[in-house]
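Just below is one structure, and these are the notes that go with it.
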Amino acid sequence: MKLIHSGKVRDLYADGDDLILVASDRVSVYDVILPTPIPDKGAVLTRLSLWWFDQLADIVPHHVVSATDVPPEWAGRAIRCRRLDMVKVECVARGYLTGSGLVEYRKTGAVCGVRLPAGLVESDRLPEAIFTPTTKAPLGEHDTAMTYEDVVAQEGEADASALRETTLGIYRRGAELALERGIIIADTKVELGRDRDGRFVLADEVLTPDSSRFWDAATWEPGRSQDSFDKQIVRDWAAGTGWDKTPPGPVLPDDIVAKTRARYIEVYERITGNTW
Ligand code: PZK
């Protein structure tokens, strides 16, 4: 099978007219891929994405053709999907103030052209979720913020509006459901493409901890940064080793691997209500 894209933790292959999206067990912290995989991470995030695609089907159709008709070596962590014409905008929705959104808010009082109330602090919940698109930068480079008007200029008014409403619809549905299960989804990035009839279709992975920031609702407190629900065990352990966050990352001890694996499974079980 021909490899057409290799991401940090996922790979994309072409198989005839279809694509095969393969999630690895690799984990990245501070943008560095660690040498130690987390067993079942790829399968857990694949199952979570598949569950969300189904939950979101009334908002937007998805690219999944089959989760079982995939090469046996990738069984459980691969998805056969339809090839789309991908939209050249990273569609991001945010419900909380953090990351680059916080940096931009402190400088300008707005995020991606959306004016926010004065006096918000780090990790605050926003009055309503906002669409904060970015450019699609090549691997290794950083995405840059766009305004909604930039998206209109690039994609046209009708498609820009559809991208914004679809992204916000996915985020609102996901964040509301996750919160009922004690998990805050602070923000999320979705990949949308057009099918042969020009209709928008949801691609890639969706509402996973690799595409979104997941926080523990039980310990959330505005005014400070929040621990990552999935990666905090690795981050805390790595900080204790004195690692300077540059490659190569440290080899993880068995107990840190086991605790992190359990976290991904906990995310899956809490959100879907299924047993792993
Ligand atoms: C597509 N990516 C991102 C994902 C990577 C890169 N259904 C589709 N049709 C056409 N293109 C894509 C998809 C999907 N999904 C997704 N790039 C292209 C990506 C995984 C690994 F290296």
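The values are calculated or read from the model by the stated rules, or taken from the named source; none is laboratory data. As the structure is a computational prediction, the values presented were derived from the model and not from experiment. Because the Cβ atoms are built from the backbone with ideal geometry, glycine has one as well, and the counts that use them run over all protein chains shown. In case anyone asks, the SASA skips ligands and DNA or RNA and just uses the protein heavy atoms, side chains included. Shrake-Rupley method; radii C 1.70, N 1.55, O 1.52, S 1.80 Å.
To keep it simple, each residue is scored yes or no on (1) under 24 Å from Val152 (Cα atoms); (2) open to solvent by 10 Å² or more (accessible area, probe 1.4 Å); (3) among the acidic types (Asp, Glu); (4) not in a helix (DSSP H, G or I).
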residue	(1), (2), (3), (4)
Ala43	no, yes, no, no
Arg47	no, yes, no, no
Asp54	no, yes, yes, no
Ile59	yes, yes, no, yes
Asp69	no, yes, yes, yes
Glu73	no, yes, yes, no
Cys81	no, no, no, yes
Ala93	yes, no, no, yes
Gly101	yes, no, no, no
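Screening the stretch 138-241 for strands (runs of 3 or more DSSP E) wholly inside it with 2 or more residues that are closer than 20 Å to Leu116 by Cβ and either in contact with a Lys or Arg (Cβ under 9 Å, 6 or more places away or on another chain) or at pLDDT 95 or above (or both) returns the ranges 183-194, 212-216.
Can you tell me how many residues in the stretch 205-216 are open to solvent by 30 Å² or more (accessible area, probe 1.4 Å) and either near the ligand (Cβ under 10 Å from one of its atoms) or without any contact (Cβ under 8 Å) to a residue 60 or more places away in the chain (or both)? Number of matching residues: 1. For beta carbons closer than 9 Å, sequence separation of 6+ or different chains, a first residue in the stretch 72-99 that is without any contact (Cβ under 8 Å) to a residue 60 or more places away in the chain and within 16 Å of the ligand (Cβ to nearest atom) and a second that is polar (S, T, N, Q) and open to solvent by less than 30 Å² (accessible area, probe 1.4 Å), the qualifying pairs are Arg77/Ser24; Arg77/Thr46; Ala78/Thr46; Ile79/Thr46; Ile79/Ser49; Ile79/Ser66. When Ser123 is tested against (1) in a loop (DSSP other than H, G, I, E, B); (2) surrounded by 19 or more Cβ atoms within 10 Å (Cβ to Cβ); (3) free of Cβ contacts under 8 Å to residues at least 60 places away in the same chain; (4) more than 16 Å from the ligand (Cβ to nearest atom), exactly one condition is not met: (3). For the stretch 4-39, the tally of residues that are within 9 Å of the ligand (Cβ to nearest atom) and open to solvent by 80 Å² or more (accessible area, probe 1.4 Å) stands at 2. Looking across Asp40, Asp25, Asp54, Asp31, one residue alone is within 20 Å of Gly193 (Cβ to Cβ) and charged (D, E, K, R). It is Asp54.
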